[in-house]
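The structure appears right after this line, and notes come after that.
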Amino acid sequence: MSSKVLILVEGQTEETFIEQILAPHLLKKGIYPTASLVTTRRVKGGPDFKGGVVSYGKVKNDIINLLHDTSATMVTTMFDFYRLPRSFPGQASVMAASCYERAAYLENKLREDIRHRKFLPYLELYEFEAMLFASPEHIAQAFPNKDILEELRKIRAKFRSPEEINDKRPPSKRLLGLVPEYQKPLHGSSVILEIGLDRIRNECPHFDDWVTKLETLG
């Protein structure tokens, strides 16, 4: 028996990640994930497209619409923890604890607000680019004309997990500081494909926990 999983994502890079990395792994377990982009003010396509969580109202509407698909076993999310809108459930009351505790708190608040047995919230710590830091070597290989490997390794060495590279200076800002030409849809997608799912799961416990929960559906 197969399980259909609908994943609400905030951008085209995450959509590519679901389709090209996560889906092939889950398909082997009889789980069929499909990515769906959040509603934004922009056209969903073309060079000017920018994803992102614009407001919680739009996100909630998108989640509820996906939950109306009775053929789906599960509806889940893949949003950046970094810079969530203030309207997001729990944002006004989240306490300064570890990033994992704060993410779990906001995920629980989102679950409580949606109140549906098929809904599984997931927030990326802190953003998509954290997964790239699972392998500084692969980032450096994407920019062969830049001498950045040692700096990337120094950034990674400061944290127990790439997921802990924090919101004071998030992973994307650190990358842009070293490589101003970095573009998430282009370089983020290509690097993540080279790194592969196993290494990301080994380096990123919060992400691994989410994937493990999805695997159980099979």
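Laboratory data are not the source of any read-out in this text; all were calculated from the coordinates shown. Here the structure is a predicted model, which is why all the values come from computation and not from measurement. Please note: Cβ atoms are built from the backbone with ideal geometry, for glycine as well, and neighbour counts cover all protein chains shown.
Shape summary of the chain, radius of gyration then Dmax from alpha carbon positions: 16.9, 51 Å.
Prolate is the label for segment 119-218, because a/c, from the alpha-carbon gyration tensor with a ≥ b ≥ c as root eigenvalues, is 1.5 or above and a/b exceeds b/c.
Normalising the average separation of contacting C-alpha pairs (under 8 angstrom, six or more residues apart) by the number of residues puts the relative contact order of segment 128-198 at 42 percent. Principal semi-axes of the equivalent ellipsoid, √(5λ) from the alpha carbon gyration tensor of segment 135-182, are 18, 12, 8 Å from largest down. For segment 128-198, the Cβ-based charge dipole about the Cα centre amounts to some 320 debye (Lys, Arg positive; Asp, Glu negative; other atoms uncharged). Per-residue ellipticity at 222 nm computed for the chain from its helices equals -11000 deg cm²/dmol, with DSSP H segments shorter than 4 residues left out and the rest contributing -39,500 (n - 2.57).
Contact order, relative form, for the chain: 22 percent (alpha carbon pairs under 8 Å, 6 or more residues apart, mean separation divided by residue count).
Diffusion coefficient of segment 163-218 by Stokes-Einstein, Kirkwood radius over Cα pairs, 20 °C, 1.002 mPa s: 165 µm²/s. For segment 59-157, the fraction of C-alpha pairs more than 19 angstrom apart is 54%. Annotation: extensible slack from residue 83 through residue 104 equals 6.0 nm (criterion: 0.36 nm per residue apart, minus Cα-Cα distance).
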